[in-house]
Amino acid sequence: MAFNFDERIDRRHSDSLKWQKYGDKDIIPLWVADTDFRSPPCISDALQRRIAHGVFGYGGEPHGLTEVILARLWTRYQWKVEAEWLVYLPGVVSGLNLALRCATEAQQSSITPFPIYPPFRHAATLAGRPQRQAQMQLRAGRWLPDFSALEAGMDGSEKLLMLCNPHNPGGTVYRREELAAQLAFAQRHDLLVCSDEIHCDLLLEPGVRHLPFASLSEDAAQRSITLMSPSKSFNIAGLGASVAIIPNADLRRRFQAARKGLVPGVDILALVAAEAAWRDGQPWLDAQLDYLRRNRDAVVASINATPGLQVASPEGTYLAWIDASGLGLSRPEQHVEQHGVGLSAGRDFGDPHFVRLNFGCHRDLLQEALRRIQLAAAAV
């Protein structure tokens, strides 16, 4: 079946957060991480069948989705997961917050690579907990965390390591030896590990494979909380359905206790969409990945040919982490916005010299955005 990722769907006057931000201004929004692609037909069909039923009472256990998840994890990663390990959530961000609250107490700290997706930092702030940061460094074209520089200053208050794989921003897909080193770090300091793997299906680099942190070993599994969702891969972020995979029974009880009265169950239509995505959406996902690879290559070529800008080619995600320090601007995102492109501010992730560009859009729009970015850089 052919899928048309060049289709132009008008989102400017819809309920889209991404497109509402700039209203009727001539600004191309390439910031928040959803795509402009029509979601797979299998999802729309499944939702229409469920809506035709006409009754939308409280939902029970999503047994069909559970079966799909267990089969998918085994087929893709040879990771044998038990149904009782799954905790369904209305979003990965709630999972990050619950993980931090169940793994740390007052004055106990978490550790995260840095720069990082803002909710990692917000989770610590909202819980009133300190957080330590392992600086990401560019090595041979890949962003990797430096835990050695952090380790010398650790004082034993650290209880949780928060990972993002593929990493957002930067798009690094960690190799087995890199994950093994992170596990060894967690073992040395007796840390629990929360691994956000929401982008695990969005792998762009040929030959690169995702490896769940918890699948490394029994020890990795017993100290881990893994967060996954189809929301980014299948463009259904507005239908919040995510899953926390927690093999350790005591940790799972603490996680579930932390959510009581705060985090609701998952919407029944979101569960329908998630099951359809993971059960029947792979042909669409494969076609989308081909399209995104070409978009990524266009972004990398254009940005690296623009004086003042540099970008390392992301191995995963549809997000480019662009070094704008060569422009000498304190707020590069504002300068680019004045030239008609809305990007995510690097300061929100932890580095004001960067901007993040979402290339999950049709190619003509992307090419126009890249043209405007080149003009913006030339105008400094």
- Output for the range 105-133, where each listed residue is aliphatic (A, V, I, L, M) and out of contact with any Phe, Trp or Tyr (no Cβ under 7 Å at 6 or more places or on another chain): ALA106, ILE111, ALA123, ALA124, LEU126, ALA127
- Query: Looking at (1) crowded, with 18+ Cβ neighbours inside 10 Å; (2) out of contact with any Pro (no Cβ under 9 Å at 6 or more places or on another chain), can you tell me which one THR226 breaks?
  - Reply: (2)
- In the range 42-54, the residues that are touching an Asp or Glu at 6+ places or on another chain (Cβ under 9 Å) and within 20 Å of SER14 (Cα to Cα): ILE43
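Among strands (runs of 3 or more DSSP E) lying entirely in the range 189-308, which contain 2 or more residues that are on the phi < 0 side of the Ramachandran plot, among the small types (Gly, Ala, Ser) and touching a residue at least 24 places away in the same chain (Cβ under 8 Å)? Give the steps one after another, and end with the answer.
Numbers: elements: 192-196, 224-228, 242-245.
Fully inside the range 189-308 and qualifying: 242-245.
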- Task: Scan the range 250-273 and give yes if some residue there is among the aromatic types (Phe, Trp, Tyr), under 19 Å from ALA33 (Cα atoms), modelled with pLDDT of 95 or more and crowded, with 16+ Cβ neighbours inside 10 Å, otherwise no.
- Result: no
- Looking only at the range 309-329, decide whether some residue is outside the structural domain of GLY141 (by TED's automatic domain parsing), closer than 29 Å to GLY238 by Cα, buried (at least 18 other Cβ atoms within 10 Å of the Cβ) and more than 24 Å from the chain's Cα centre (by Cα). no
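Go through the range 268-318 and count every residue that is of a type outside the set (Lys, Arg) and under 30 Å from GLY59 (Cα atoms). So that I can check it myself, show each step before the final result.
Our first condition is that a residue be of a type outside the set (Lys, Arg); within the range 268-318, this holds for 268-278, 280-292, 295, 297-318.
Retained after the next criterion (residues that are under 30 Å from GLY59 (Cα atoms)): 268-278, 280-285.
Of the residues in that region, 17 qualify.
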- Message: Considering only residues that are in contact with a Ser or Thr (Cβ under 6 Å, 6 or more places away or on another chain) and either part of a strand (DSSP E or B) or surrounded by fewer than 19 Cβ atoms within 10 Å (Cβ to Cβ) (or both), which ones fall in the range 333-380?
- Response: HIS353, ARG356, GLN374
- Query: Which residues, taken from the range 27-66, are under 15 Å from ALA241 (Cα atoms), without any contact (Cβ under 8 Å) to a residue 12 or more places away in the chain and surrounded by 11 or more Cβ atoms within 10 Å (Cβ to Cβ)?
  - Reply: GLU61
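The values are calculated or read from the model by the stated rules, or taken from the named source; none is laboratory data. None of the values given here were measured: they were computed from a predicted structure. Heads up, the Cβs are rebuilt from the backbone with ideal geometry, glycines too, and the neighbour counts pull from every protein chain shown.
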